[in-house]
Structure formats: structure tokens, C-alpha cells
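Quick notes on the structure that follows.
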Amino acid sequence: MAALMEAKGLTRHFGGLRAVDGVDFRLQQGEIHALIGPNGAGKTTFVSLLSGRIPVQSGTITLADEDITRLPAHARVKKGIAYTFQITSVYPRLTVFDNVALAAQSAGALGLEAQVAAALAQVNLAGFGGELAGNLSYGHQRLLEVAMGLALKPRILILDEPTQGLAAGEIEGFKTLVRSLVPATTVLLIEHNMDVVMDLATQITVLNFGKVLATGAPDAIRSNPEVQNAYLGGGDDAEG
Amino acid sequence: MSLSAKPLALHLGLIAVLFAAQFMLPSYHATNVSRIMVLSVFAMGYNIAFGYTGLLSLGHALFFAAGMYGMGLPIWTLGWAPVPALIAGLVAGGALAGLVGLLALRTAGVSFMIVTLMFAQAGYLTLLYLNTHTGGDEGFVVDSAARMIAGFDLSTDTPRYMAALILFAIAMLICLWLVRSPFGRVMVAMRENEERSRMLGYNPFRVKLTALVISGLYAGMAGAAYGMLFGYVGATFATIQYSILPMLYVLLGGAGTVIGPFLGALLMFYLIDIASGYTTAYLFVVGAALVVLVLFAPKGILGTIRERGLKWLP
Ligand SMILES: Nc1ncnc2c1ncn2[C@@H]1O[C@H](COP(=O)(O)OP(=O)(O)OP(=O)(O)O)[C@@H](O)[C@H]1O
Ligand SMILES: [Mg+2]
């Protein structure tokens, strides 16, 4: 099956540091693909290359067989690749409504108010529209970040540690939400919380030191000795 | 949004007050207010770039002067009629802003300030250098025959006041509409968090260039009207002072508010007017006022009022 998005030999070094080092990666339409790996493994850098936030040094990225390696980030968003930030990046001095409206109107939404209300309801933030985003709790800002991603109506939604800072109850709601998105939307999920990963993911890729350590179905990944060594059993915490 | 009635009422109310004021103000003050209204249009344009989009330009005198010369030169050298000349001024301001933006918007922050400043300085020196065509630093007087529109002599008090008011009203209502439009929201987004806006699919360069061109259109229109209404075109209007003035108006009145530029222009104009009656060091008074402002109300008068409760203020 042809991949929706494919990366070949993707590379990004920071000085001598090989943050992403020749990664091959395929994202299939409709899957929930988890990207895991220890802190500093290069996960955020890798998806930043996919979304265009950081320029690629070498390698190629295709979206539905179109080469988008050199496309600027804003143009990739228009093509349906949405990225939600690991470090919350909302507009703190604007209202929650305006935050989501900016995403919705970028997607060319008709009936802005309804679109915004729908996205906020999806993350259980209905009724918060009038608040300043900066006044929300950290967890709610994370959810706002997700709502902005949803309002973009993306083909591929990249979530960078979305459950960080969420309460247990909110995590359950979040899992339900992500499941409801597929297969219409394809989800690429960076996540440290292994329960969330094992519950949601239909495919997992493990990064370590900028390289792909393993990729496959959850069961195969769980029983892979290399992965256990480097990550799962390696004493690294599953925070969140 | 039922709230939108309130801002509209406020802005229409201001226009009504200014209309009524001409019948009550003595001639000296009526002329002052005419000037203030035209300078407010300039400041509104500055506010679109600086207050809403976050582009701190030090070169807006260039766009003001472009409008003034764009209007004045065709009249002076080609004998154009006033309306096409005013349109030429408007276009000149926007076009020059677009040109400067194409280059200057490759930079940001302090570099953007410096690059716009240098462009404005280059424009000023060009006016002096081409003195046979531009009148150099003496400038030139706009022919009084070219200051008649539809039978109204714009060199006389009432038509001049009305012309300034009409321009002011149109400019303000367009600004109000713009900042409440989806594009207005994107301008603010660019100011607040450029990286986020990029990742929402907005091209920062294009958004900023558009805002700068709109800003230049305002400045150009104001420059053209100023030359037409007060009858003089000169290179002093291209000096750095005229880049600083709209910034001061905006800072004083409240950056990112629609009425702020007018309020700032009104107060600053009279502050200078009154201070210069007492001392030749009136710029010192202006400086002191600014220090107080930055220390105690960094968001300007209306910005502070908005923060303290009038949340709906656009
Ligand atoms: N802009 C940058 N300049 C220099 N080094 C960077 C930059 N961004 C990331 N790095 C480094 O690249 C490596 C990979 O970082 P990255 O943020 O991609 O890891 P990650 O897998 O997302 O980690 P975490 O789980 O902590 O979020 C780290 O060592 C990091 O310090
Ligand atoms: Mg990361």
C-alpha cells in the first residue's frame, strides 16, 4: 500500500549532534502511529522536519507521492499537515475563541463560530471561548493546542506529547477523542505515557539517538529485546 | 456578535462630535483639529503596521512624503486636477511601502527598524538631491486652483475641516472593519506569535507585506491630503521627525486600538502647542510626557482603559 507520507534518509544535525540521522519512515492513511524513544532521541526534531518547522539537511519527504521536502511550513499546513507543539504555543493574550478561530479560518472554514465551538467541544473546553488563553491552566492550554490542531481539519495530525500535564480523567477523554479521529485523519503521536501508546497505537516507531531502532505493531515492539534495552526496560521513566 | 453595536456606536459618536465641533471651535482651533484629523489618518496607518501587526517601522515619513509628493508633483509639473492627484498620492504611499517591505521584511526587530530608517533617510536625501524637480528643501506651494474640489475651496476653513473629517471618518471606519475582520485577527496573531501563526498555515512574509502596504496607503493618503489641505509640499515631511510622530501618537493613545491614534495625535498636538507657548524647549516637555507614559501606562491611554474593563474596545 502506498504510504500517505513517507520520509527517506531524513537527516538533521545540530553541530556535531546527530538529532535525526537518516530516518526512513512511512505513515499509512488512517493509522495511529506512535513515535516513542528516550528524551533527546530526536522525536520532536523529526516531526519538525515533517511539518517544515525546521529545514531538512538531507533526505526527502513525500505526501501522497508529492515531494514536499522544500515546501515552507505554512504551505505544508495548507496541504493538511498540522503540528501541535510539545512546548505549548498558544496566543496567551488572545481569547480561546480567537486562538481556535485562527486555525479554523486558515482551513477556510465557513461558519467560523460553529467550527470553533465544535473544536472546543471535542476537547471538552466548551464554554471557555471568552477566556484569555494565558489564563487557562496548563492542562487546558494543552487541550487548546489540540483543539487548534483539530480546527485545521488536517489529513495528518502530529501530536507532540499531548497528554503531558493532563489529569487522569482528561487522558481518558483524550484517548476517546483520538480514536474518533481515525481513519478520516491520520495521527502521528509522540508520547511518553506507555499506557496511552499501547492503548491507541496501531503502529509504533522507536527512535534512539536519531535513528530508527524498530518499527512495527505494538506487540512486536513490546517484545523486541533491543527496544526493551534501549527504552522500555532501560530504566527510562514513562512520565505523565 | 451583539457586542459589535457598541464599538460602532462609539466610533460613529466620535465622528458626530467632530462634526459638531467645527461650529463651536474658534477658527484657530478648528484648523488645528483639521490638522490633527489628517495626522490621525497617518497614525492609524502606522498603527496597522506597528500596533496590530507588530512591525516597528522607523521609516513611515517616507510613505507620508510619497503621498504628499505623489499628489503635489503631478499638480506642480503636469497641472493635474486635484482628485487624480490625491489618488496618485494614495497609490504612491502604498507602492513605496510594498517596495520597502519586499526588502525590509526579510529582517525583523531591530534590523527592521534600522532598514526602514535607512530607506526613509535615502528618500529624504533623494528629495534634496533632485531639487530641480522636487523644489529641494524649500518645497513648493500647491497651486490654489488645484485645491478646489466640486466647487469647494479647500484652502478655506469649513471645506477644509469637512474634507479632513470625511477622510478621517472613512479611514477610521475602514480600520475598524479591518481589525475586526479575519485578516485583522491574523495581523494580531503575527504580532503575538509568529512561529505559531506559521504553523497554522499563514505565510508571515505575505501577511506582514499586506499590512505594510495597507499602512502605506494610509500614510500616503494622509500625506496627500495634508499637502492639499494646507497648501504646501516640503522635504521636512520626509525627515525622521515625521517617522517618530505617528509612533508617539500611537504609543500615547494606545497601540492596537482604533481610536488611540486620534487621541494620541490630539493630546500630543496640544501638548506641543501649549508647551511651545511657555518654552522653546518644548521637545523636553514631550520627552518627559513620554517617559511618564512608558513608566505608568505602557499600553497607552486606551490600551490601559481596555485592560481595566472596557474589554470590547477594538
Ligand atoms: N535547535 C536545536 N539546536 C541544537 N540542538 C537541538 C535543537 N533542537 C534539538 N536539539 C537537540 O537534539 C536532540 C534531539 O532533540 P529532540 O527535541 O528532537 O528530542 P525528543 O526526542 O523530542 O526529546 P523529548 O522526549 O525530551 O521531547 C537533543 O539532544 C536536543 O538537545
Ligand atoms: Mg520532544
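Results, tabulated for the structure shown:
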| read-out | value |
| --- | --- |
| Where a residue in segment A:155-173 is more than 21 Å from A:S89 (Cα to Cα) and its partner, wherever it lies, is in a helix (DSSP H, G or I) and not small (G, A, S), with Cβ under 9 Å and at least six apart | A:G173/A:L143 |
| Matching residues in segment A:39-58 - criterion: being away from every other protein chain (no Cβ under 14 Å) and within 16 Å of ligand 1 (Cβ to nearest atom) | A:N39, A:G40, A:A41, A:G42, A:K43, A:T45, A:F46, A:V56, A:Q57 |
| Matching option when the condition is more than 16 Å from ligand 2 (Cβ to nearest atom), more than 14 Å from A:Y83 (Cα to Cα), within 14 Å of chain B (Cβ to nearest Cβ) and modelled with pLDDT of 95 or more, among A:A103, A:A121, A:A133 | A:A133 |
| Some residue of segment A:162-181 being modelled with pLDDT of 95 or more, within 14 Å of chain B (Cβ to nearest Cβ) and in a helix (DSSP H, G or I) | no |
| Among the residues listed as B:G223, B:G231, B:G216, the single one being surrounded by fewer than 24 Cβ atoms within 10 Å (Cβ to Cβ), under 30 Å from B:F140 (Cβ atoms) and of a type outside the set (V, I, T) | B:G231 |
| Residue list for segment B:189-204, restricted to those being more than 7 Å from chain A (Cβ to nearest Cβ) and among the hydrophobic types (A, V, I, L, M, F, W, C) | B:M190 |
| Residues of segment A:54-94 that turn out to be more than 28 Å from B:G256 (Cβ to Cβ) and assigned to a helix (DSSP H, G or I), as a count | 2 |
| Test result for A:G40, in the same structural domain as A:I221 (by TED's automatic domain parsing) and either out of contact with any strand residue (DSSP E or B) (no Cβ under 8 Å at 6 or more places or on another chain) or of a type in the set (F, W, Y) (or both) | yes |
| Boolean, B:F168 is within 30 Å of A:Q141 (Cα to Cα) and aromatic (F, W, Y) | no |
| Selection status of A:L71, more than 10 Å from chain B (Cβ to nearest Cβ), aliphatic (A, V, I, L, M) and closer than 30 Å to A:Q57 by Cα | yes |
| A:L35 being within 15 Å of ligand 2 (Cβ to nearest atom) and part of a strand (DSSP E or B) | yes |
| Matching option when the condition is within 14 Å of chain B (Cβ to nearest Cβ), in contact (Cβ under 8 Å) with a residue 40 or more places away in the chain and among the β-branched types (V, I, T), among A:I61, A:I81, A:I36, A:I87 | A:I81 |
| Residue count for segment B:205-233, restricted to those that are within 13 Å of chain A (Cβ to nearest Cβ) and either under 12 Å from the mean Cα position of the chain (by Cα) or not basic (K, R) (or both) | 2 |
| Residue satisfying condition, being within 30 Å of B:M118 (Cβ to Cβ) and among the polar types (S, T, N, Q), within set B:T304, B:T236 | B:T236 |
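Table: residues versus (1) in contact with an Asp or Glu (Cβ under 6 Å, 6 or more places away or on another chain); (2) not assigned by TED's automatic domain parsing to the domain that holds A:Y138.
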residue: A:A3; (1), (2): no, yes
residue: A:I36; (1), (2): no, yes
residue: A:T45; (1), (2): no, yes
residue: A:I54; (1), (2): no, yes
residue: A:V96; (1), (2): yes, no
residue: A:A104; (1), (2): no, no
residue: A:A107; (1), (2): no, no
residue: A:V116; (1), (2): no, no
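The values are calculated or read from the model by the stated rules, or taken from the named source; none is laboratory data. The structure displayed is predicted, hence computed values, not measured ones. Positions of Cβ are backbone-derived with ideal geometry, glycine not excepted, and every protein chain shown enters the neighbour counts.
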